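The values are calculated or read from the model by the stated rules, or taken from the named source; none is laboratory data. From a predicted model like this one, the values you see are computed outputs, not experimental measurements. Neighbour counts are summed over all protein chains in view; Cβ atoms, including those assigned to glycine, are modelled from backbone coordinates with ideal geometry. Remember, those area values only see protein heavy atoms, side chains included, never the ligands or the DNA or RNA. Shrake-Rupley method; radii C 1.70, N 1.55, O 1.52, S 1.80 Å.
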Amino acid sequence: MEKFKVVIVEDVPLELKGTEGILKNDIPEAEVIGTASTETEFWAILKRQLPDLVLLDLGLGGSTTVGVEICRHVKDLHPKLKVLIFTGEILNEKLWVDALDAGCDGIILKTGEMLTRNDVNSVMDGKRMVFNQPILNKIVERFKQSIGSEIAHQEAVVNYEIDEYDERFLRHLALGYTKEQISNLKGMPFGVKSLEKRQNEIVQKLFPNGNGRLGVNATRLVVRAFELHILDIDNLAADAE
């Protein structure tokens with residue numbers, strides 16, 4: 001790996017010392033040209049000299065958003081400048097997503113294997129989405145959950161013979177639409193009476209053994225559709241009217 005210049009943005013002195021130690025011992029090609037504990041200090045360094053890599057902590061001065069904004073502004077001003085997030089925010093998944101949206105080149109959590117030579121080398125070689133094992137474990141876990149949910153949905157649609165119009169009908173019931181409103185949706189070729197009949201047919205499909213001695217209203221039907229993975233609460237959106 002060729003020599004390159006680094007700016008470290010970190011507001012905890014002990015963690016800054018540890019980061020500098022990692023670079024000195026494991027990545028001697030990295031020349032630290034400045035360290036900053038605040039946003040103001042960081043921009044002052046960039047005015048004096050542009051680094052090749054910014055090693056950026058997300059939490060600065062008690063704020064978890066400053067680091068994200070620094071990343072976004074750096075990428076706006078200097079698109080080719082590498083930004084590697086090195087953060088102790090190990091549970092704040094929303095913050096990771098914000099950092100990725102801001103254009104960072106990778107995220108390294110301060111846990112487990114932490115920062116390695118391979119991580120830094122990958123970023124400097126132009127690789128995007130560089131993660132260490134702890135965050136990779138989280139990503140894989142979420143990926144598996146997402147795929148499992150998609151498979152459960154596909155199986156439910158087949159097993160309960162749910163067609164496109166059934167799904168649209170149930171989805172809009174879940175969104176609070178009345179049958180009259182649903183009948184007016186673009187591409188929905190059913191009147192209110194037809195939708196009432198369709199609702200009864202769906203009830204028979206989803207409650208083949210009945211619902212005890214209780215009737216099945218629209219709310220209970222929608223809840224059952226969620227239980228069976230016919231509907232996904234994270235993917236509810238209305239069609240064009």
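Overview of results
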read-out: Share of carbon and sulfur in the accessible heavy-atom surface of the stretch 1-107 [1.4 Å probe, %]; value: 54
read-out: Relative contact order computed over the stretch 66-157 (Cα-Cα under 8 Å; 6+ residues apart), in percent; value: 24
read-out: Ranked packing of 7-15, 155-163, most packed first, by mean Cβ within 10 Å; value: 7-15, 155-163
read-out: R168, R117, reordered so the largest accessible area comes first (probe 1.4 Å); value: R117, R168
read-out: The stretch 1-75, relative contact order [Cα under 8 Å, separation at least 6], %; value: 38
read-out: In Å², nearest 10: area of W43 left accessible to a 1.4 Å probe; value: 60
read-out: Highest average packing first - 183-189, 208-214, Cβ atoms within 10 Å; value: 183-189, 208-214
read-out: Ratio of the Cα radius of gyration of the stretch 40-93 to 2.2 N^0.38 Å, where N counts its residues; value: 1.13
read-out: Selected from L185, S146, G126, residue furthest toward positive end of dipole (the chain; charges at beta carbon); value: L185
read-out: Point-charge dipole on Cβ atoms (K/R +1, D/E -1) for the chain, about Cα centre, debye to 20; value: 420
read-out: Carbon and sulfur %, accessible surface of the stretch 140-241 computed with the full protein complex present, 1.4 Å; value: 49
read-out: Segment E2-T40, length gained on full extension (0.36 nm per residue, minus Cα span); value: 10.7 nm
read-out: Antiparallel content of DSSP bridges confined to the chain, in %, to 5; value: 5
read-out: Cα-projected label distance for V223 with L91, points at 7 Å along beta-carbon direction, nm; value: 3.1
read-out: Solvent-accessible surface (1.4 angstrom probe) belonging to F4, in square angstrom, nearest 10; value: 10
read-out: Evaluated over the stretch 1-103, the Cα radius of gyration and Dmax, each in Å; value: 12.9, 35
read-out: Rule-of-thumb Rg ratio for the stretch 124-232 [Cα; 2.2 N^0.38 Å; N residues]; value: 1.46
read-out: Sequence of L100, L58, L77, L16 from largest to smallest accessible area, 1.4 Å probe; value: L77, L100, L16, L58
read-out: Projected-area mean, the chain, by convex hull of Cα positions, square nanometres; value: 17.8
read-out: Accessible area per residue, Å², the chain with all protein chains present, probe 1.4 Å; value: 56
read-out: Largest to smallest accessible area among M129, M1 [probe 1.4 Å]; value: M129, M1
